[in-house]
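**Q** Take this structure first; my questions come after.
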Amino acid sequence: MDYILENTFTLDLTDDTMLISLMNLIINYMDRCYHEMRTDNIHEIESFVEQVPDAYAIIFHKLIVKYYLALFDKNDQLAVQIKNLLNKSGYQRYVATLPIIK
């Protein structure tokens with residue numbers, strides 16, 4: 001993750017395939033950090049994701065990142081809203097894999 005954050009300006013953020021892979025990596029990293037109760041780089045990751053263009057291919061990914069950020073910030077209301085939106089959008093199976101709001 002450090003490499004990505006340190007080399008933000010060298011990444012081609014216009015390539016949808018690369019963006020999807022990158023966002024999947026970030027989501028997996030955030031999930032692991034959440035389960036291990038580690039907050040390293042979380043706000044740096046948030047800043048990086050905000051810089052990523054809002055491409056159609058990764059809108060879902062950005063929403064999942066926002067969900068994890070809400071969990072880290074203990075913003076249960078936002079986390080519930082995101083989960084409800086995902087459920088209404090047909091992502092019930094994916095929602096079932098997300099960490100439970102405590």
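The values are calculated or read from the model by the stated rules, or taken from the named source; none is laboratory data. These figures come from a predicted structure and were not determined experimentally. All Cβ positions, glycine included, derive from the backbone under ideal geometry; neighbour counts span all protein chains shown. For the accessible areas, the whole protein counts, side chains as well, though only heavy atoms, and no ligand, DNA or RNA atoms are used. Shrake-Rupley method; radii C 1.70, N 1.55, O 1.52, S 1.80 Å.
**Q** Identify, please: which residue in the stretch 26-45 is in a helix (DSSP H, G or I), over 11 Å from the mean Cα position of the chain (by Cα) and not aromatic (F, W, Y) and is, among those, farthest from I101 (Cα to Cα)?
**A** Checking each candidate, the answer is E44.
**Q** While we're looking at this one, here's another question. Does D31 fit the bill of being in contact with a Phe, Trp or Tyr (Cβ under 9 Å, 6 or more places away or on another chain) and open to solvent by 50 Å² or more (accessible area, probe 1.4 Å)?
**A** No; evaluated as a whole, the condition is false for this residue.
**Q** So which of Y94, Y56 is open to solvent by 90 Å² or more (accessible area, probe 1.4 Å) and among the aromatic types (F, W, Y)?
**A** Result: Y56 is the single residue among Y94, Y56 that is open to solvent by 90 Å² or more (accessible area, probe 1.4 Å) and among the aromatic types (F, W, Y).
**Q** Checking the structure you have, find out if any residue of the stretch 73-80 is in contact with a helix residue (DSSP H, G or I) (Cβ under 7 Å, 6 or more places away or on another chain), surrounded by 12 or more Cβ atoms within 10 Å (Cβ to Cβ) and touching a residue at least 40 places away in the same chain (Cβ under 8 Å).
**A** no
**Q** Separate question: Given the options M18, M23, name the one that is closer than 20 Å to Y91 by Cβ, among the hydrophobic types (A, V, I, L, M, F, W, C) and assigned to a helix (DSSP H, G or I).
**A** Working: M18 fails: closer than 20 Å to Y91 by Cβ.
So the residue among M18, M23 that is closer than 20 Å to Y91 by Cβ, among the hydrophobic types (A, V, I, L, M, F, W, C) and assigned to a helix (DSSP H, G or I) is M23.
**Q** Now for a different question. Please specify each residue of the stretch 1-15 satisfying the condition of being part of a loop (DSSP other than H, G, I, E, B) and closer than 12 Å to V52 by Cβ.
**A** L11, D12, L13, T14, D15
**Q** Find all pairs meeting these conditions: Cβ atoms under 8 angstrom apart; at least six residues apart or on different chains; first residue within the stretch 32-43 and in contact (Cβ under 8 Å) with a residue 40 or more places away in the chain; second residue in a loop (DSSP other than H, G, I, E, B).
**A** Cβ pairs passing all conditions: Y34/P99; H35/P99; N41/M1.
**Q** Shifting gears a bit: Taking the stretch 69-100 as the region of interest, how many residues are part of a loop (DSSP other than H, G, I, E, B) and aliphatic (A, V, I, L, M)?
**A** Selection size over the stretch 69-100: 3.
**Q** Something else: For a quick check of your reading of the model, give me the residue pairs whose first member lies in the stretch 4-16 and is surrounded by fewer than 12 Cβ atoms within 10 Å (Cβ to Cβ), whose second is modelled with pLDDT of 80 or more and not aromatic (F, W, Y), with beta-carbon atoms closer than 7 Å and at least 6 apart or on different chains.
**A** Here the result reads D12/M18, each pair linking the stretch 4-16 to a residue that is modelled with pLDDT of 80 or more and not aromatic (F, W, Y).
Per-residue answers, yes or no, for (1) assigned to a helix (DSSP H, G or I); (2) of a type in the set (S, T, Y):
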{"site": "S47", "(1), (2)": "yes, yes"}
{"site": "A57", "(1), (2)": "yes, no"}
{"site": "K66", "(1), (2)": "yes, no"}
{"site": "K102", "(1), (2)": "no, no"}
